[in-house]
Amino acid sequence: MNEITLLQQHGPDSAPATESVLNSARHRLLTEIAGAATEPRQRRAGLHRQHGIQRARVLAMTVIAASALFVVSVVVGGVNSAEQSPDRTPAAVTLVAFQMPVFPLALDPMPAGLKAPSFSLHDSRFLAVHQDTAGESDVYLSVYDRRPESLGSTRPVTVHGQPGELSENRPQNGSKYVSVSWEREPGQWVRVTGQGRFGTGVAVLALADTVVERPQEVPLQVHLAPAGWDVFAFKGDTILTLKDENSDATMSVQVVGEASSDLLGTVVGAQEVGRVEVNDRAAHLVRADEIWFLQVPLADGSAFNLQAPRFMTPDQVVAVGEQVTVGR
């Protein structure tokens, strides 16, 4: 995918989808995305090493069999995976402490008129989006574990004493993007892209000169996950997907504006809705045909939705939900 297209789809100007559409399509879409992913594990490991995406392998909890399970009273029936019939014991899942990626760089000083960054991760690209308060000019700071593709017309430049490349690209019927990229250190490539008042060669070179080593935490955090799972992708601090390294199984968290009042009507294949407590807060757990769907309200009136595979147990889903934090 062309990076400018990626900016348009995953940047601040992408069109929002309705909650009902997201709830109806997300599980199948993520499964298709996971199945289509062809990135070698070695490449992902390199990204994790360079960008701070790493997991703590400390055992948090283990559930061995359904007989040892605390089952939410209102959720009835067996817990089954796609490969198991409902009357069989589900495969054991081990939950371990999980560490989210840390964006390694920052702009210092931050240009006047830019908001604090939001973060996204797609393939080998870790992105910090700095939106303009006026809504007309944005800055994208990207980190890669390999040389990024060239965009549009290019010319050589020098950045921080290193050889770099300045490029300009104007998508059809779109704003002009100007970028500068360079290898900041072995195995870490950086690209600064400007739009609007930052969409000139002079502006992006000046921005590149302000890039410093300064780790920044991603606001949406998951601190507990199945062993062997890793970050697959996230967008804009509101959607996060983890994936099993050895299968296409995924688990996702999404922050939404408000809790749904009709989960049976909006969750695909919903069978039953039960009330549970997550960190002493009333929440709802949906048992659907293919997934568990946990909705947890937040103090500011928003909520987060956690979708997990059915081979996990209800108390494991709740345990993961208790370890989700949403920064503001």
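Summary table below
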{"quantity": "Eligible lysines near Lys115 by straight Cα distance, threshold 22 Å, same-chain separation 8 or greater", "calculated": "Lys176, Lys235"}
{"quantity": "Probe 1.4 Å, protein heavy atoms only - accessible area per residue of segment 91-149 in square angstrom", "calculated": "35 Å²"}
{"quantity": "Sequence-distant residues sharing a close amide H with Ala233 (under 5 Å, placed H)", "calculated": "Thr241"}
{"quantity": "Amide H within-cut-off set for Val159, under 5 Å, with H built and near neighbours excluded", "calculated": "Gly164"}
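The values are calculated or read from the model by the stated rules, or taken from the named source; none is laboratory data. Fair warning: this is a prediction, and the values are worked out from it, not measured in the lab. These area figures cover heavy atoms from the full protein model, side chains too; ligands, DNA and RNA do not enter into them. Shrake-Rupley method; radii C 1.70, N 1.55, O 1.52, S 1.80 Å.
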